[in-house]
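**Q** Provided herewith is a single structure, encoded as structure tokens, for subsequent inquiry.
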Amino acid sequence: MQKIIIPRFSKVFKPKTLIVFAFILNYSCVSGQLGQNNSGEYKNGAVVSAHPEATAVGVEILKKGGNAVDAAVAVQFALAVVYPNAGNIGGGGFLVYRSAKGEINSLDFREKGPGLATKDMFLDEQGNAITNKSLYGHLASGVPGSVSGMVEAHKKYGKLKWADLVEPAYKLAANGFKITAKQAGELNRMKSKFQQFNPLGTALIKDRGDWATGDLLIQKELANTLKLIKEKGNAGFYEGAVADSIVAEMKRGGGIISKADLKNYKAVWRTPIVGNYRGYKVITMPPTSSGGIALLQLLQAVEPYPLSRWGLNADSTIQLMVEAERRVYADRAKHLGDPDFWAVPQKQLLENSYNKNRMSNFTWDKATPSSAIAAGNVGAKESEQTTHFSIVDREGNAVSLTTTINAAYGSLVVVKGAGFLLNNEMDDFSVKPGTPNLFGLVGGEANAVAPNKRMLSSMTPTILEKDGQLFMVVGTPGGSTIITSVFQTILNVIDFGKSMQAAVDAKKFHHQWLPDRVDVEEGALDSATQQKLEAKGYTIFKRGSIGRVDAILRTKWGSYQTGADPRGDDAAGGW
Ligand code: GLY
């Protein structure tokens with residue numbers, strides 16, 4: 001994490017002191033000092049992303065007069081270079097937008113099943129799921145949506161020239177950037193996998209020896225691809241030399257993405273989902289992501305309860321949130337899929353009475369077993385690698401964008417000649433509806449594989465407003481934990497009064513109906529809380545970090561307080 005933590009000022013200072021402080025802040029920003037001392041609070045705009053280089057690119061675009069969408073486009077391309085783990089041009093994602101005047105929109109640039117995809121393409125002759133086939137190699141990839149998404153976003157809202165937004169990423173790829181310690185370790189651990197899936201070589205494998213912190217990663221083929229995108233937009237990726245390279249790569253590895261699939265891909269503007277929580281307006285992503293619906297269901301389920309009195313990660317708080325999560329994830333599994341292919345009962349799922357009613361069979365005495373919540377096996381397996389960034393510009397326009405190639409380094413296939421990793425998003429489909437996959441999770445008919453269908457996602461880019469003003473921009477990677485991480489971060493600020501950074505730092509827990517257990521980060525529960533929950537029948541499962549939330553909070557005095565997740569190399573910046 002690249003910044004200093006500051007407390008929520010309204011909790012620390014009296015109103016009069018705040019007015020004086022706000023004046024000083026304002027003065028400092030005009031003189032440019034806030035951005036320079038990296039205090040984590042900025043007057044004129046802020047960017048929080050998974051990598052310091054990408055954040056720096058976004059801040060530069062804002063300083064040049066670009067708006068939040070311009071900065072988002074530049075950050076998306078920069079992440080494709082400096083954060084190959086999840087940043088991408090070979091994947092997809094979702095963008096939620098709110099203009100300073102309150103106009104809202106959302107963009108779905110999720111990958112699609114190729115035209116030759118079939119419902120049974122990941123089953124063996126006995127009809128059993130062959131999980132690795134949807135996870136690694138050429139068949140695992142959906143048709144990438146990120147470039148189309150960025151072109152669409154720029155066409156509708158962009159202010160600066162397209163080429164100027166792709167240029168920083170091009171330079172980072174052509175000239176190289178210094179990798180972090182975490183990246184060096186990861187690339188070294190992935191070496192044999194990269195060799196296995198890329199016999200013709202890739203820039204991600206060091207010529208000699210192991211990667212070390214500060215080594216320069218130069219990606220010449222990726223730079224050429226970015227140059228074509230810079231010059232030709234969509235046609236630079238979905239047609240011509242890059243499309244030829246993708247199709248040649250497919251041929252080499254037995255994949256099925258065709259030239260027609262690439263040419264026909266189009267990102268789609270969708271009406272965002274809007275709900276309310278304790279007087280805050282919540283603007284979030286509709287299907288093809290499950291994230292927005294599930295987030296609003298969770299907020300509705302807990303709203304009647306006095307969470308702030310109970311406290312952060314207290315046993316009652318955890319019990320209530322876990323029981324809500326159990327019910328919401330059961331709904332997600334059964335009812336959610338690509339709305340172009342499946343009738344999603346969005347209106348019913350978002351009715352307050354429905355969600356209150358779902359909680360009526362919850363009892364404080366003991367855990368509700370997941371088997372009692374919904375008949376049938378439904379759900380979807382998701383990897384935990386993805387990335388999120390939040391941006392606010394000088395006018396107050398905001399972008400919340402989550403993007404992914406699914407697992408870390410996606411399908412592990414780098415397109416020869418074009419230098420970018422392809423996603424393994426086909427695994428986000430239910431490869432065999434109704435049957436548990438390799439990881440013990442199960443999937444429903446709503447999310448079965450089909451040609452030209454978008455696979456269900458959990459990505460939850462979200463923007464909150466209060467009294468007609470921007471309040472928060474939030475999102476995270478984390479597969480199925482995305483929804484619960486965004487949920488907890490919102491509660492950490494609204495119910496528990498945390499600053500943006502403290503809300504991001506707070507230890508998390510997660511329940512997803514199946515498996516029937518509460519995943520907890522080390523340190524999330526004290527031993528007394530754990531014992532109380534276990535006595536009621538909750539299975540506590542200690543695991544590594546949950547989520548990597550990158551978020552921005554607008555303070556009462558109008559500046560932007562950032563939260564960059566310390567679980568990764570995430571960085572906040574602004575001016
Ligand atoms: N691949 C993770 C998600 O879309 O939710």
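The values are calculated or read from the model by the stated rules, or taken from the named source; none is laboratory data. The model shown is predicted, which means the values in this text are computed figures rather than measured ones. Ideal geometry is used to build each Cβ from the backbone, glycine not excepted, and the neighbour counts take in all protein chains shown. In case anyone asks, the SASA skips ligands and DNA or RNA and just uses the protein heavy atoms, side chains included. Shrake-Rupley method; radii C 1.70, N 1.55, O 1.52, S 1.80 Å.
**Q** Counting only residues that are under 18 Å from the mean Cα position of the chain (by Cα) and crowded, with 23+ Cβ neighbours inside 10 Å, give me the strands (runs of 3 or more DSSP E) lying completely in the stretch 466-575 with at least 1 of them.
**A** Answer list for the stretch 466-575: 469-474, 550-554, 560-564, 571-574.
**Q** In addition: When residues of the stretch 440-457 are filtered for being away from the ligand (no atom under 13 Å from the Cβ), modelled with pLDDT under 90 and open to solvent by 20 Å² or more (accessible area, probe 1.4 Å), how many remain?
**A** Matching residues across the stretch 440-457 total 2.
**Q** Continuing with the same structure: So the check is Cβ under 7 Å with 6+ separation or different chains; which pairs have a first residue in the stretch 301-315 that's at negative phi and of a type in the set (A, V, I, L, M) and a second one that's surrounded by fewer than 20 Cβ atoms within 10 Å (Cβ to Cβ) and in a helix (DSSP H, G or I)?
**A** If the second residue must be surrounded by fewer than 20 Cβ atoms within 10 Å (Cβ to Cβ) and in a helix (DSSP H, G or I), the pairs left are A314/T529.
**Q** Under 6 Å between Cβ atoms, which residue pairs at least 6 apart in sequence (or on different chains) link something in the stretch 509-520 that is without any contact (Cβ under 8 Å) to a residue 60 or more places away in the chain with a partner that is assigned to a loop (DSSP other than H, G, I, E, B) and surrounded by fewer than 21 Cβ atoms within 10 Å (Cβ to Cβ)?
**A** Going by the 6 Å Cβ cut-off, the qualifying pairs are R517/T539.
**Q** Pairs, please: C-beta under 8 Å, at least 6 apart or cross-chain, first residue closer than 30 Å to Y560 by Cα and among the small types (G, A, S) and in the stretch 398-420, second within 15 Å of the ligand (Cβ to nearest atom) and in a loop (DSSP other than H, G, I, E, B)?
**A** Matching pairs, first to second residue: S400/P461; S400/G475.
**Q** Of the residues L123, L139, L95, which single one is in contact with a strand residue (DSSP E or B) (Cβ under 7 Å, 6 or more places away or on another chain) and over 20 Å from I463 (Cα atoms)?
**A** L123
**Q** Shifting gears a bit: Could you list, in sequence order, the residues of the stretch 51-87 that are under 15 Å from the mean Cα position of the chain (by Cα), under 16 Å from E167 (Cα atoms) and either among the polar types (S, T, N, Q) or modelled with pLDDT under 95 (or both)?
**A** Q76
**Q** Mind checking which pairs have a first residue in the stretch 200-211 that is within 17 Å of A223 (Cα to Cα) and a second that is in a loop (DSSP other than H, G, I, E, B), Cβ under 6 Å, 6 or more apart or different chains?
**A** A203/Q219
**Q** Further question: I need every pair where a residue in the stretch 58-85 that is without any contact (Cβ under 8 Å) to a residue 40 or more places away in the chain has its Cβ under 7 Å from the Cβ of a residue that is surrounded by fewer than 24 Cβ atoms within 10 Å (Cβ to Cβ), sequence separation at least 6 or different chains.
**A** Here the result reads none, with nothing in the stretch 58-85 linked to a residue that is surrounded by fewer than 24 Cβ atoms within 10 Å (Cβ to Cβ).
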